[in-house]
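In what follows, a single structure is set out as structure tokens and then discussed.
The values are calculated or read from the model by the stated rules, or taken from the named source; none is laboratory data. Small disclaimer: the values here were computed from a predicted structure and weren't measured. As a convention, Cβ positions derive from the backbone with ideal geometry for all residues, glycine included, and neighbour counts pool all protein chains shown.
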Amino acid sequence: MSIEFIVAIADNTANRTIVEGNDVRLSGGGGTLNGKVLIRILPSGVGAANIRLHIRSPGPWWALDDVRDLQRFSPLVETAVLAVERLS
């Protein structure tokens, strides 16, 4: 069983290199969670100026508790997670 969620990260040049199909790792108080970016949503000028990533993960839902960091490898991008919304 997989879970899906939306993660908000800051909009900057490094974070814009994270695209659909990238494998990512989230970490925080609940441990680590591996996932795949399904959809990347760039800021539209309306609302918060953050990038939103729709991610699917085989990991347990409780690993989303207190998520603080997102990493994408090759090339490495590390960024703070601003918000998480669980979809399933």
Original post:
Only one residue in PRO43, PRO75 is modelled with pLDDT under 95 and touching a helix residue (DSSP H, G or I) at 6+ places or on another chain (Cβ under 8 Å). Which one?
Top reply: PRO75
**OP:** State the number of residues belonging to region 59-77 that are assigned to a loop (DSSP other than H, G, I, E, B) and either under 14 Å from the mean Cα position of the chain (by Cα) or within 19 Å of VAL19 (Cα to Cα) (or both).
**Re:** 7
**OP:** Scan region 19-33 residue by residue and report those that are under 11 Å from the mean Cα position of the chain (by Cα), part of a strand (DSSP E or B) and over 13 Å from VAL7 (Cα atoms).
**Re:** ASP23
Original post:
Across region 26-43, what is the number of residues that are surrounded by fewer than 16 Cβ atoms within 10 Å (Cβ to Cβ) and farther than 11 Å from ARG56 by Cα?
Top reply: 6
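Return the residues of region 9-25 that are within 15 Å of SER57 (Cα to Cα) and either buried (at least 17 other Cβ atoms within 10 Å of the Cβ) or hydrophobic (A, V, I, L, M, F, W, C) (or both); say none if nothing qualifies. Explain how you work it out, then say what you get.
Step one: filter region 9-25 for residues within 15 Å of SER57 (Cα to Cα), giving 20-25.
If the condition is that a residue be within 15 Å of SER57 (Cα to Cα) and either buried (at least 17 other Cβ atoms within 10 Å of the Cβ) or hydrophobic (A, V, I, L, M, F, W, C) (or both), then ASN22, VAL24 are the ones that fit.
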